[in-house]
Amino acid sequence: MTYLLALDQGTSSSRAIVFDAQGRIVAMAQREFRQIYPQPGWVEHDGDEIWDTQLAVAREVLAKAALKADDVKAVGITNQRETTLVWNRRTGRPIHHAIVWQDRRAEPRCAELREQGHGATILRKTGLVVDAYFSGTKLQWILDHVAGARDQAERGELAFGTIDSWLIWKLTNGEVHVTDVSNASRTMLFNVRENRWDEELLALLRIPAAMLPEVKPSASEFGRAAPEHLGAALTIGGIGGDQQSALFGQACFEAGMAKNTYGTGCFMLMHTGPRFQTSDNGLITTSAAQIDATPQYALEGSVFIGGAVVQWLRDGLNAIKASGEVQGLAESVPDAGGVMFVPAFTGLGAPYWDAEARGAIVGLTRGSTVAHIARAALESIAFQSAALLQAMSRDAVAAGGAPVSELRVDGGACVNDLLMQFQADLLGIPVVRPKVIETTALGAAYLAGLTAGVYGNLEDIGRNWQAERVFRPTMSRDRAEALMAQWERAVRQASAR
């Protein structure tokens, strides 16, 4: 048997999964770690804690699978993306907590960049809108606010990385400072058209180039883990930022194929092939996972609050005791009774990009119950995702392609049948749930498997993909369009504009 080890470093937990060559899960281990909130709008992680939990689950999953490290062909890494860490090259210690992708402290700097007219240049080179979501302004904040950091960085003493870079630095005992194109493309410092760090953008944010990792294709030999960590000198053969890794794990290798991951947030990506395409509909352009030097791109839309709305029903509203109860509560009523829930707890992401919007529940009557609110909360995940897919289809048609004809889904909330059926009804296209929904980790394993020769090409991987269930639309298009219009009215009420 051939085995691949995926390290899946997420926002709230570190996980490790062993897959066989057919993409089936052999064993899984997971550990949560602290979320640090120094003040409203700020979110941090302890870099050492991320490393400790990731190493622990990697060792644990090998034990669970009754495997020795020598039984593993290669290691793949997938990670929370824009989260930013800076460490001292000599000591290997972080100089500040990691600033998490959700953190908004760099928004004042982003507002300056927009006001100074830099947005068009940044969009043209990186495919990104200017937003505190991305790494560049987080890194600038660290250099400007940690005593002595900028001087140390100028002397080449500090290293910057997204979490993949940090894990590889630790696994190789500081010998390798590297990332892949999918993670680099999320920094607002990387020219995705030319696959290189951009000198003009580095100068704009005052980032010394000496801090930056080497950038390689997503399927590459990134280094070898030191034997003391996992028991053998394993090849690290794949890296993919979590959403691009999920796109790869869903076997969406061709232009027009799309996936949506239903997690804390929702992240929809549509492959656009080797063609760089900007969006006229509020989406961003990002580098997809690359298996060689040929650039690959995707359009992406991010929903900030997806499954997290269910956590709010549990912890904020005390409407349910456990997240798994939401489907039963929502199904206790035939529909939301006209209630619309816009979960803009941290503003609205794509395609709206309204940082000042706040959560709103509208359409309440005396007949509204907590069940109607629960159903509206669940449906809000589908409404936000539908708005993304409609934007993607408009962009695809404008570029001479066809609208998205099928949506592949993954992530924790995709197991909710009520949500998936409502999603298909709103979209008017099939929603397809695969047999393996751990596609983020699976994509990293596939990338590593390509490097290690487990797979000869993308067709070998594509043959592994299997559907578990297809949700087909049953709602009339008139009804679906009326509901989307009602949703857009609710968004306008939640908006600060």
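Summary table
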{"quantity": "Mean Kyte hydropathy of -0.5 or more with a Cα span along the axis of at least 27 Å, helices from DSSP in the chain", "calculated": "370-398"}
{"quantity": "Full-stretch length increase - Arg124, Trp42 - with 0.36 nm per residue and alpha-carbon distance subtracted", "calculated": "26.7 nm"}
{"quantity": "For the chain: accessible area per residue (Å², 1.4 Å)", "calculated": "37"}
{"quantity": "Leu458/Gln116 FRET efficiency (R0 35 Å; Cβ-Cβ; nearest 0.05)", "calculated": "0.25"}
{"quantity": "Of Gln384, Pro403, Leu364, farthest towards positive along the dipole that unit charges on Lys, Arg, Asp, Glu beta carbons give the range 355-433", "calculated": "Leu364"}
{"quantity": "Rg(Cα)/(2.2 N^0.38 Å) for the range 336-433, N = residue count", "calculated": "1.18"}
{"quantity": "Reciprocal mean inverse distance between Cα atoms of the chain - Kirkwood radius, Å", "calculated": "22.8"}
{"quantity": "Label-point separation in nm, Arg193 to Arg477, each point 7 Å along Cα→Cβ", "calculated": "3.7"}
{"quantity": "FRET efficiency estimate (nearest 0.05) - Cβ-Cβ, Arg59 to Thr369, R0 56 angstrom", "calculated": "0.70"}
{"quantity": "Unit charges at the beta carbon, dipole of the chain: most positive-side option, Leu419, Ser12, Ala132", "calculated": "Leu419"}
{"quantity": "Global form of the range 148-248, assessed from the alpha-carbon gyration tensor, a/c cut-off 1.5", "calculated": "oblate"}
{"quantity": "Projected area, mean over directions - the range 84-222, Cα convex hull, nm²", "calculated": "7.9"}
{"quantity": "Of Lys125/Lys435; Lys73/Lys170; Lys138/Lys259; Lys64/Lys216; Lys138/Lys216; Lys259/Lys435, those spanning more than 26 Å from alpha-carbon to alpha-carbon", "calculated": "Lys125/Lys435; Lys138/Lys259; Lys64/Lys216"}
{"quantity": "With all protein chains modelled, accessible area of Arg31 [1.4 Å, Å²]", "calculated": "110"}
{"quantity": "Magnitude of the charge dipole, the chain, Cβ model with Lys/Arg +1 and Asp/Glu -1, debye to 20", "calculated": "440"}
{"quantity": "Cα gyration tensor category, rounded, prolate or oblate, for the range 447-497 with a/c compared to 1.5", "calculated": "oblate"}
{"quantity": "Inter-part distance where the range 84-145 and the range 449-497 are each reduced to a Cα centre, Å", "calculated": "30"}
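The values are calculated or read from the model by the stated rules, or taken from the named source; none is laboratory data. What you see is a predicted model; the values in this text were computed from it and never measured. Note that each Cβ is placed from the backbone with ideal geometry, even for glycine, and that neighbours are counted across all protein chains shown. Heads up: the accessible areas ignore ligands, DNA and RNA and are worked out on the full protein's heavy atoms, side chains in. Shrake-Rupley method; radii C 1.70, N 1.55, O 1.52, S 1.80 Å.
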